[in-house]
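Participant: Have a look at the structure that comes next, please.
The values are calculated or read from the model by the stated rules, or taken from the named source; none is laboratory data. Only a predicted model underlies this, so the values are computations on that prediction, with no experimental measurement involved. Reconstructed Cβ throughout: ideal geometry from the backbone, glycine too, with neighbour counts over all protein chains shown.
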Amino acid sequence: MILVDTSVWIHYFNGDINAHTDALDTALAEGSVALGDLILLEILQGFRKERHYREARSKLLLLDQHQMLNTDLALKSAENYRSLRKRGVTIRKTNDVIIATFCIEYCVPLLFLDQDFIPFQAHLNLQSALQVT
């Protein structure tokens, strides 16, 4: 199973072809893609046309769904943010901290294009689903 960040889904839904969208295509065909509730929110709020929203919603809900935040993960996310801050790294988006922490805690590789995940990979053992991130 892999989790796919919004940064990849945006390219995928826009029809972009790159190593990340190819990896997503492969993982979808294999049935190995899971979706977190925060990522579902981020993806769906980006659709402007109602038809595209409904199509994406129905397809995304077919994936294995995960709740990404609870008290324990909130505390661990805060610890991870603070750990990176002590190293001089500031993560811009709280959602990215939550997503990375979920993946680290549950040993789920993350497919991402967002550079904010690189410090989690470098310092906190986030596994990349693609080695070229």
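Participant: If you go through the range 49-83 one residue at a time, how many are aliphatic (A, V, I, L, M) and within 14 Å of ILE104 (Cα to Cα)?
Facilitator: Total satisfying the criteria: 6.
Participant: Hey, among ARG51, ARG87, which residue is without any contact (Cβ under 8 Å) to a residue 12 or more places away in the chain and surrounded by fewer than 13 Cβ atoms within 10 Å (Cβ to Cβ)?
Facilitator: Just a single option satisfies the conditions, and that option is ARG51.
Participant: Can you tell me which residue within the range 1-49, out of those that are among the hydrophobic types (A, V, I, L, M, F, W, C), within 16 Å of ASP116 (Cβ to Cβ) and not in a strand (DSSP E or B), is nearest to the chain's Cα centre (by Cα)?
Facilitator: Restricting to residues being among the hydrophobic types (A, V, I, L, M, F, W, C), within 16 Å of ASP116 (Cβ to Cβ) and not in a strand (DSSP E or B), the top hit is ILE39.
Participant: Now, a different point. Could you list, in sequence order, all residues of the range 38-48 that are without any contact (Cβ under 8 Å) to a residue 60 or more places away in the chain and surrounded by 13 or more Cβ atoms within 10 Å (Cβ to Cβ)?
Facilitator: LEU40, LEU41, GLU42, ILE43, LEU44, GLY46, PHE47
Participant: For the range 86-118, enumerate the residues that are touching a Leu at 6+ places or on another chain (Cβ under 7 Å), under 16 Å from LEU130 (Cβ atoms) and in a loop (DSSP other than H, G, I, E, B).
Facilitator: Within the range 86-118, VAL108 is the sole residue that qualifies.
Participant: Identify, by number, the condition in (1) within 23 Å of ALA27 (Cβ to Cβ); (2) modelled with pLDDT of 95 or more that TYR81 doesn't meet.
Facilitator: Looking at each condition in turn, TYR81 falls short on (1).
Participant: While we're on this one: Is it the case, given these coordinates, that ALA56 is free of Cβ contacts under 8 Å to residues at least 40 places away in the same chain, in a helix (DSSP H, G or I), of a type in the set (A, V, I, L, M) and more than 18 Å from ASP114 (Cα to Cα)?
Facilitator: no
Participant: If you don't mind, there's one more thing I want to ask. Test SER58 against the criterion of being among the hydroxyl-bearing types (Ser, Thr, Tyr), modelled with pLDDT of 95 or more, more than 17 Å from the chain's Cα centre (by Cα) and surrounded by 13 or more Cβ atoms within 10 Å (Cβ to Cβ), and give yes or no.
Facilitator: Considered against the rule, which asks whether it is among the hydroxyl-bearing types (Ser, Thr, Tyr), modelled with pLDDT of 95 or more, more than 17 Å from the chain's Cα centre (by Cα) and surrounded by 13 or more Cβ atoms within 10 Å (Cβ to Cβ), SER58 comes out as no.
Participant: State which residue is surrounded by the fewest Cβ atoms within 10 Å (Cβ to Cβ) when the search covers only the range 13-37 and only residues that are closer than 15 Å to LEU111 by Cα, touching a strand residue (DSSP E or B) at 6+ places or on another chain (Cβ under 8 Å) and without any contact (Cβ under 8 Å) to a residue 40 or more places away in the chain.
Facilitator: SER32
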